[in-house]
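The values are calculated or read from the model by the stated rules, or taken from the named source; none is laboratory data. All of these numbers come straight from a predicted model, not from anything done at the bench. Neighbour counts are summed over all protein chains in view; Cβ atoms, including those assigned to glycine, are modelled from backbone coordinates with ideal geometry.
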Amino acid sequence: MSILRRKTRTCTIGTLKLGSEHPVAIQTMTMGKTEDIAAVVAEIKTVEDAGCDLVRVAVPNFDAAKAIPLIKEKIKIPLVADIHFDPRLAIAALDYGADKIRINPGNFFDRSYLEKVILLAKKKNAALRIGVNAGSLEKDLWAKYGAPTPDALVESALRWVKFVEDLGFGNFVVSLKSSRVPTMIEAYQKFATAQSAGSLPPPPLHLGVTEAGPTLPGAIKSAVGIGTLLSQGIGDTIRVSIVDNIAKEVEVCREILKSLGLYSKEPDIVACPTCGRIEIDLEKMVEEVSVALKHLKKSIRVSVMGCVVNAVGEAKESDFAIAGGRKAGALYYKGELYKANVPEAELVPELLKLINKFPEQQDLLFVSRIK
């Protein structure tokens, strides 16, 4: 079953378009000092290769803003400037060529200066993210709700959407982030409902669980929060926030999208968790297949199963499959038996030959050889 995405307007960020008419985009944020141009560019190139569509850099001072054009000339994906507290930095980032700026309404106190930022973004055809965050909610909303509740986050977002749209600016996205997954889910759901009632197409939504934590807990929180919303058709770009290399953030994003059928740039590999029935080295096979197909830019489904319990059923739902047996196995193509009694040592090489054999794969021969 395909996911029916919530209709939105399109937000243009450099060469990238966000919204319901476009694929869900993956983004991340660099870890190094933005002024360290060589290091930041190296980070960005790594995530470009990993499938990132959009990258954000911190701009806490004017030296960081000045680095923006020097970074942009060396990368392929659009660059976002992350701005807090000082709207003058937003002006500088736009003047230096940022494709998009992220502002946090909770720490932008001068509305007259913020108006200048919006009008400059409009003049330069740049984009904006209204980044509402539970950790920096406006004081009046804290006083009203007593905590960063979903309703508080929604009221903040609606307030700033109106402010921006009243200035005639529509090229923006919105986020309503919390480190608490239930809060984040409810806030996005309520905002999406409120915006859908308007006469104009609503802005795209940037999904994320803020400050999600260490790698495994953070990835799980993000998968639950982001995945729940995406499964409901809510969300147009995602960022996973974990304490790890940013390429790992991008990897988790890819896996979330793949699990929902929203990513078409690499294979989906299915494998059983192993048990006492298995009589082949399944873990080794799965690793070999994963490495071999790493650079195959095609949405195919490959199952690597260790025994007959679920292997045939999975094979029927896969493009290519290995069904393991006793020190041997069978290969399947499009749910049909292709070759039986293949010795264990030949299963992965034969699978790769099979993947390369068929016409729909001929323009995508990035499959590595197993040495």
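Some observations on this one:
- Leu153 being in the same structural domain as Phe85 (by TED's automatic domain parsing), modelled with pLDDT of 95 or more and in a helix (DSSP H, G or I): yes
- Of the residues examined, Leu4 is not one that is at pLDDT 95 or above and out of contact with any Ser or Thr (no Cβ under 9 Å at 6 or more places or on another chain).
- Qualifying residues in region 117-135 (those that are at pLDDT 95 or above and assigned to a helix (DSSP H, G or I)) - the one farthest from Phe85 (Cα to Cα): Lys123
- Residue in region 57-70 that is touching a residue at least 60 places away in the same chain (Cβ under 8 Å), assigned by TED's automatic domain parsing to the domain that holds Gly131 and within 17 Å of Glu249 (Cα to Cα) present: no
- Condition check for Arg88: in the same structural domain as Pro148 (by TED's automatic domain parsing) and part of a strand (DSSP E or B): no
- Strands (runs of 3 or more DSSP E) fully within region 285-359 that include at least 3 residues being under 20 Å from Ser259 (Cβ atoms) and outside the structural domain of Cys52 (by TED's automatic domain parsing): 301-305.
- Contacts under 6 angstrom Cβ, first residue in region 136-154 being touching a residue at least 40 places away in the same chain (Cβ under 8 Å) and over 16 Å from Val209 (Cβ atoms), partner of a type in the set (Lys, Arg) and part of a helix (DSSP H, G or I), 6 or more apart: Val154/Lys190
- Candidate set: region 264-290, residues that are polar (S, T, N, Q) and in contact (Cβ under 8 Å) with a residue 24 or more places away in the chain; chosen: the one surrounded by the most Cβ atoms within 10 Å (Cβ to Cβ): Thr274
- Residue tally, condition surrounded by 16 or more Cβ atoms within 10 Å (Cβ to Cβ) and either within 19 Å of Glu211 (Cβ to Cβ) or not assigned by TED's automatic domain parsing to the domain that holds Thr237 (or both), over region 91-129: 6
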